[in-house]
Amino acid sequence: MTNFIKDEFAEYYERPAEVQVDVTNRCNFDCAYCYNKGNSHRNKPELSDGRFLLLVDKIVKELNPVTIIFTGGEPLLRKTLLLKSIQKVHDAGIGTALNTNGYFLTESVIQELKEAGLDTIQTNLDACNAAVYQKLRGGVSSYSRQIETLKNLKRLFGEKCVTVIQVVTKENYKYIKVLANFIQELGLTKLKLLDFVPVKKEDQALMLTKTEWLEVLNQVKESREELKVLVRLCHSFIFMSDEYKNLKFPFCMAARFALFITADGSLFPCNHLKRDEFYCGNAFENNLLKLWQDNEMLNKIRYYDYSDRKCINCIKYKQCAGGCKALANILKGNAFAGDPSCDMLQYL
């Protein structure tokens, strides 16, 4: 049996279009949905400033991606290093992006980031409801501060360069349309929904039921019809209605379009698979392009063809390609056992 992913898409996967780099594992929040809680390297010594800048040089020279995304942890806890890294990448002609919880984005810091060459920024607004926001943020009361941050981002960066993130959970799924409307009122235009992927089975209580996902789908449809906000959908929507038809490539970027590097220089296929069993080597042990192309785990994630499963004949298989391996790993104990969301949502 042929491997359609390899046959049709291998040329696109020769190098990552996007590299996400953890500037630090430290964070000032304790968000309920944080994927970094599952990072098996989060307690390992972080790269020194000098070593981190060498890592940035390696990414630029050996991978030459379209974009480098600085994330964490909270990257602004190492602000000086972050600014130097952004400047270095910008000077090399590569796109720069930042994922941040927003807490340290004062007006002056936003200006510093812009002057360093930052192109785009993503930050969370879990709900336009202070109590829900605080609960999901681990008890940190910073809702008003985040609203002011979004206003400043819109003014200093412009609406096209700012994306608001919402991780969809049991606590906030009812507020998606309200949030989209609120974002429009702020003058912003982009809302990106992300699935909640638990780091352990005990966290399943935050996951949505089939009925709740259907309510989310209806809210998204209404938002698209009534508002000018671009709502970017999370992976669960592939299994609902005809959303899958809009995808040219398999939705999961892990090991296909994106590479993930932790704060100690370790390589992993996905933010949600930063576990020892998915370790793909260290950035300093070899040429990064060689690691990307030859690493056994990256190639398994990239090309696993599911020929032993019924999903090989599914009409959505080209867009799904086995789905979220992180979700399968947590809920089924096997990253290659097929996406649990498919089992629940495929007939919506």
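Here are the numbers:
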quantity: Residue ranges of helices (runs of 4 or more DSSP H) in segment 61-138 with at least 1 members in contact with a Leu (Cβ under 6 Å, 6 or more places away or on another chain) and over 23 Å from Lys37 (Cβ atoms); calculated: 79-91, 107-116
quantity: Every pair of residues 6+ apart whose Cβ atoms lie under 8 Å, when the first sits in segment 120-140 and is in contact (Cβ under 8 Å) with a residue 12 or more places away in the chain and surrounded by 19 or more Cβ atoms within 10 Å (Cβ to Cβ) while the second is among the acidic types (Asp, Glu) and in a loop (DSSP other than H, G, I, E, B); calculated: Asp126/Glu171; Ala127/Glu171; Tyr133/Asp126; Leu136/Asp126; Leu136/Glu171; Arg137/Asp30; Arg137/Asp126
quantity: Test set (1) more than 23 Å from Leu156 (Cα to Cα); (2) open to solvent by less than 70 Å² (accessible area, probe 1.4 Å); (3) free of Cβ contacts under 8 Å to residues at least 40 places away in the same chain - Ala97 fails condition number; calculated: (1)
quantity: Filter result (within 21 Å of the chain's Cα centre (by Cα), assigned to a helix (DSSP H, G or I) and more than 24 Å from Ala97 (Cα to Cα)) within segment 142-174; calculated: Tyr173
quantity: Residue in segment 262-276 that is touching a helix residue (DSSP H, G or I) at 6+ places or on another chain (Cβ under 8 Å), without any contact (Cβ under 8 Å) to a residue 24 or more places away in the chain and of a type in the set (Phe, Trp, Tyr) present; calculated: yes
quantity: Evaluation of Gly102 against (1) buried (at least 23 other Cβ atoms within 10 Å of the Cβ); (2) of a type outside the set (Val, Ile, Thr); (3) over 22 Å from Asn181 (Cβ atoms) (one fails), failing number; calculated: (3)
quantity: Hits in segment 276-301 (condition: under 19 Å from the mean Cα position of the chain (by Cα) and over 21 Å from Ala321 (Cβ atoms)); calculated: Tyr279
quantity: Helices (runs of 4 or more DSSP H) (entirely within segment 230-337) containing at least 3 residues that are open to solvent by 10 Å² or more (accessible area, probe 1.4 Å) and more than 23 Å from Leu191 (Cα to Cα); calculated: 288-294, 296-303, 325-332
quantity: Conditions (1) in contact (Cβ under 8 Å) with a residue 60 or more places away in the chain; (2) open to solvent by 30 Å² or more (accessible area, probe 1.4 Å): number failed by Phe196; calculated: (2)
quantity: Subset of segment 74-94 (residues that are crowded, with 17+ Cβ neighbours inside 10 Å, out of contact with any Phe, Trp or Tyr (no Cβ under 9 Å at 6 or more places or on another chain) and of a type in the set (A, V, I, L, M)); calculated: Leu83, Ile94
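One line per residue, one yes/no per condition, for (1) of a type in the set (Val, Ile, Thr); (2) open to solvent by 40 Å² or more (accessible area, probe 1.4 Å); (3) at pLDDT below 95:
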| site | (1), (2), (3) |
| --- | --- |
| Val162 | yes, no, no |
| Lys170 | no, yes, no |
| Ile176 | yes, no, no |
| Gly187 | no, no, no |
| Glu202 | no, yes, yes |
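The values are calculated or read from the model by the stated rules, or taken from the named source; none is laboratory data. Just so we're clear, the structure is a prediction, and the values are computed from it rather than from any experiment. Because the Cβ atoms are built from the backbone with ideal geometry, glycine has one as well, and the counts that use them run over all protein chains shown. Surface areas here come from the heavy atoms of the whole protein model, side chains and all, with no ligands, DNA or RNA. Shrake-Rupley method; radii C 1.70, N 1.55, O 1.52, S 1.80 Å.
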